Amino acid sequence: MTGESKRIRRHHVVSKFYLKGFADDGGRLRRTVLPGKENFLVSTSNATVIKDFYTVNLGNGYTTDWWEQVFSRIEHVAATALRGLHRGSPLPRDSDERVGFAMWVAAQYLRTEGSRNQVHQVQSQMYRVMVTLMGKDGLRDFIESRENIEVSDHRLDAEWDDLTADYGTSIEPDSADHMTTLDRVLIEATAMLEQRQWMLLRFEHHSLLLSDHPITLLSDGSNSFGGGGGLADSPVIAMPLSRKLGLVMFREAGPDAAASVQKDTADTLNRGTVLNARNSVYSHPDDRVSRLFKGEWPEPRLREIGPVQIPAQVGTADAFSSLDHTAYGCTDADKNSFSLSDMPWPIPGRSFRWE
C-alpha cells in the first residue's frame with residue numbers, strides 16, 4: 001500500500017528491458033500504429049506505457065502498485081538470462097533459471113491489454129447467455145428481486161436489448177479483476193511453459209519485429225496464427241526475444257535446441273507479430289518495416305472474442321459445464337448448474353443507462 005506521491009504510475013505493458021533488444025544505441029524504437037499508415041520514433045522509456053495500468057484500488061482512498069513491483073522482480077531474473085542469450089549462451093537449463101524465464105514469458109502473455117479485455121468480454125457473453133436462457137419475463141423478475149423495485153416496460157426493453165446484443169453489455173476493464181485472474185493462473189501457466197520443448201532461433205542477416213502483444217499462438221505447425229486457443233492448447237508458441245533472437249516453444253516435450261535460421265522463418269515470425277498486435281508494432285529505427293512485413297496490415301483489434309453461439313442445450317447443466325465460473329465473477333455454486341442468480345448484480349463496471 002503506497003501513497004499517491006510514492007507509487008509507480010507509469011507502467012510498461014511490455015517489459016522495458018525487453019524493448020531495449022529492439023532499440024538503437026540511443027534507446028529509440030520505431031512505432032508503427034495499426035493499420036500501418038503512421039510511424040514515428042519513441043523511446044523505450046515511453047513505449048507501451050499506460051498510466052496506472054496495474055494499479056489496484058484498495059478502497060478508502062488507498063491504492064497499490066504491488067503488481068508493478070512483482071513484475072519488476074520477475075523481470076530481473078529474465079533479464080539476466082536474456083543477456084546471456086545475447087552473448088551466445090544456451091537456453092537456461094538450470095531449474096530455477098528456466099522457471100524464472102518461463103514465468104516472465106507467462107506474465108508477459110497474461111499482463112497485456114488483450115488479456116484484460118478478454119476477461120470482461122467473456123463475462124459479457126456469459127451474461128448474454130444467462131439472460132437469453134432466462135427470457136424477458138425472467139429478467140424482469142430477477143431485477144425486481146435484486147433491486148427490490150418495480151421494473152418498467154421501458155427499462156426492461158433497454159436492459160434486454162443491451163444484455164442480449166451480439167457482444168453483450170459493455171463492461172469497463174478493471175485492473176483488480178485482471179490481476180486476480182493473472183494471480184490465479186500464473187503458476188500453472190509457468191509450469192506448462194517450462195515443460196515445453198524450447199528452440200532458440202538466431203538471425204544473422206534478418207531482423208524481427210515486436211508488438212504490444214509479443215507472444216504469438218500458432219494454431220498449427222505452419223504459418224497459421226491467431227487460432228491456437230490458449231497457452232495450453234497451442235502446438236507452437238512464438239516470441240521474438242530481440243531484433244536477432246527468437247524463441248519458439250513446442251507443446252510436445254523434448255530436448256531444447258538452437259538454430260541459425262533464414263529469411264522464411266523471420267518472415268513467419270514477423271507475420272505473426274503483426275497479426276497479433278492490438279495497436280502498435282515496434283522495430284529498430286534502421287529496419288524498413290515494409291521489408292520485414294509485406295502483407296496487409298490489420299486494423300486495431302478492440303475485441304478478443306466474437307459473439308458466442310448460444311448452446312443448443314441451453315437451459316441444461318451441460319451448457320456451462322466446461323466454464324470456469326469463478327473466473328468471471330460468479331459465486332461458488334455448483335459448476336454444472338449456475339445461473340444468472342449466481343452472477344453479480346448490478347454488474348460491476350457496466351456502462352449502461354436506460355433513461
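Things worth noting here:
- Qualifying residue in the stretch 145-157 (condition: crowded, with 17+ Cβ neighbours inside 10 Å, basic (Lys, Arg) and modelled with pLDDT of 95 or more): no
- Residues being more than 30 Å from Asp65 (Cβ to Cβ), outside any helix (DSSP H, G or I) and among the aliphatic types (A, V, I, L, M) - total across the stretch 143-182: 3
- Residue selected from the stretch 13-36 under the condition among the charged types (D, E, K, R) and either out of contact with any Ser or Thr (no Cβ under 7 Å at 6 or more places or on another chain) or part of a loop (DSSP other than H, G, I, E, B) (or both), by the criterion nearest to Val274 (Cα to Cα): Asp24
- When the stretch 98-141 is filtered for residues that are of a type in the set (A, V, I, L, M) and either farther than 24 Å from Leu82 by Cα or in contact with a strand residue (DSSP E or B) (Cβ under 7 Å, 6 or more places away or on another chain) (or both), the ones remaining, listed by number, are Val105, Val119, Val122, Met126, Val129, Met130, Val131, Leu133, Met134, Leu139.
- Val70 more than 30 Å from Arg288 (Cα to Cα), free of Cβ contacts under 8 Å to residues at least 24 places away in the same chain and either assigned to a helix (DSSP H, G or I) or of a type outside the set (D, E, K, R) (or both): yes
- Identity of the residue in the stretch 166-183, among the charged types (D, E, K, R) and over 15 Å from the mean Cα position of the chain (by Cα), that ends up nearest to Ser115 (Cα to Cα): Glu172
- Put simply, of Pro235, Pro240 the only residue that is surrounded by 15 or more Cβ atoms within 10 Å (Cβ to Cβ), more than 16 Å from the chain's Cα centre (by Cα) and at pLDDT 95 or above is Pro240.
- Flag for Ser322 being among the polar types (S, T, N, Q), modelled with pLDDT under 90 and surrounded by fewer than 14 Cβ atoms within 10 Å (Cβ to Cβ): yes
- Cβ-Cβ under 6 Å pairs, at least 6 apart or on other chains, the stretch 251-262 side surrounded by 12 or more Cβ atoms within 10 Å (Cβ to Cβ), far side aromatic (Phe, Trp, Tyr) and at pLDDT 90 or above: Asp256/Trp198
- Of all residues in the stretch 244-279 being among the small types (Gly, Ala, Ser) and not in a loop (DSSP other than H, G, I, E, B), the one that is farthest from Arg30 (Cα to Cα): Ala257
- Selected residue [of a type outside the set (Lys, Arg), touching a helix residue (DSSP H, G or I) at 6+ places or on another chain (Cβ under 6 Å), part of a loop (DSSP other than H, G, I, E, B) and at pLDDT 90 or above] from Trp345, Trp354: Trp345
- Residue list for the stretch 55-78, filter: modelled with pLDDT of 95 or more and either touching an Asp or Glu at 6+ places or on another chain (Cβ under 7 Å) or over 20 Å from Leu182 (Cβ atoms) (or both): Thr55
- Matching option when the condition is out of contact with any Lys or Arg (no Cβ under 7 Å at 6 or more places or on another chain) and free of Cβ contacts under 8 Å to residues at least 40 places away in the same chain, among Asp287, Asp233: Asp233
- Any hit, the stretch 102-121, residues being farther than 26 Å from Ala191 by Cα and in contact (Cβ under 8 Å) with a residue 24 or more places away in the chain: yes
- Single match in Asp177, Asp141 (criterion: exposed (fewer than 15 other Cβ atoms within 10 Å of the Cβ) and either of a type in the set (D, E, K, R) or over 20 Å from Gln309 (Cβ atoms) (or both)): Asp141
The values are calculated or read from the model by the stated rules, or taken from the named source; none is laboratory data. These numbers come from a predicted model, not from an experiment. Note that each Cβ is placed from the backbone with ideal geometry, even for glycine, and that neighbours are counted across all protein chains shown.
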